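Undergrad: So that we are looking at the same thing, I have put the structure below in structure tokens.
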């Protein structure tokens with residue numbers, strides 16, 4: 001399943017541009033990592049909220065796809081908990097509920113650095129099945 005997920009990620013030009021890596025892809029769960037780069041930071045040196053939001057959105061969609069197949073994000077929200085600093089951002093998403101055509105997923109985004117992992121954002125989203133396979 002992980003290899004299929006990596007193939008799908010490799011077809012996402014924006015994910016390739018950012019350098020995202022699908023680390024785990026199994027039924028009901030996904031994990032995506034992203035090495036921090038200077039270009040991802042805002043003026044205070046934290047990861048830009050758009051980068052954190054991208055990770056949450058894409059990870060939620062992968063978790064949803066693990067139970068639905070081909071899908072897209074219908075909606076999601078992000079609560080930023082603290083500024084994201086560190087060398088690596090990691091998003092972990094879990095399917096909370098899934099029906100035939102949509103699933104509800106949560107995602108927690110963490111920053112890693114200096115041997116520590118800190119929660120930086122929490123997200124909740126609805127993922128909808130598409131007709132494509």
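Undergrad: For the stretch 83-93, what are the residues that are over 15 Å from residue 45 (Cβ atoms) and surrounded by fewer than 17 Cβ atoms within 10 Å (Cβ to Cβ)?
TA: 88
Undergrad: Name the strands (runs of 3 or more DSSP E) wholly inside the stretch 1-101 in which the number of residues that are closer than 26 Å to residue 116 by Cα, under 11 Å from the mean Cα position of the chain (by Cα) and free of Cβ contacts under 8 Å to residues at least 24 places away in the same chain is 1 or more.
TA: 21-26
Undergrad: Answer yes or no as to whether residue 126 is farther than 30 Å from residue 39 by Cβ, touching a helix residue (DSSP H, G or I) at 6+ places or on another chain (Cβ under 9 Å) and not in a loop (DSSP other than H, G, I, E, B).
TA: Yes, satisfied.
Undergrad: Looking at the stretch 114-123 only, could you name the residues that are in a strand (DSSP E or B) and either crowded, with 17+ Cβ neighbours inside 10 Å or at pLDDT below 95 (or both)?
TA: Correct list: 120, 121, 123.
Undergrad: Scan the stretch 57-70 and tell me whether some residue there is on the phi < 0 side of the Ramachandran plot and at pLDDT below 95.
TA: Within the stretch 57-70, one or more residues are on the phi < 0 side of the Ramachandran plot and at pLDDT below 95.
Undergrad: For residue 80, state whether it is surrounded by 12 or more Cβ atoms within 10 Å (Cβ to Cβ), closer than 23 Å to residue 7 by Cα and modelled with pLDDT of 95 or more.
TA: No; evaluated as a whole, the condition is false for this residue.
Undergrad: Let me ask another. crowded, with 19+ Cβ neighbours inside 10 Å and either in contact with a strand residue (DSSP E or B) (Cβ under 9 Å, 6 or more places away or on another chain) or under 15 Å from residue 108 (Cβ atoms) (or both): is that true of residue 1 in this structure?
TA: In short, no.
Undergrad: Moving on. Looking at (1) over 19 Å from residue 8 (Cα atoms); (2) out of contact with any strand residue (DSSP E or B) (no Cβ under 8 Å at 6 or more places or on another chain); (3) surrounded by fewer than 19 Cβ atoms within 10 Å (Cβ to Cβ); (4) at pLDDT 95 or above, which one does residue 46 not meet, given that it meets all the others?
TA: (3)
Undergrad: So is residue 22 in contact with a strand residue (DSSP E or B) (Cβ under 9 Å, 6 or more places away or on another chain) and within 20 Å of residue 68 (Cβ to Cβ) or not?
TA: It is true that residue 22 is in contact with a strand residue (DSSP E or B) (Cβ under 9 Å, 6 or more places away or on another chain) and within 20 Å of residue 68 (Cβ to Cβ).
The values are calculated or read from the model by the stated rules, or taken from the named source; none is laboratory data. As the structure is a prediction and not an experimental result, all values here were calculated from the model. We place every Cβ from the backbone using ideal geometry, glycine too, and count neighbours over all the protein chains shown.
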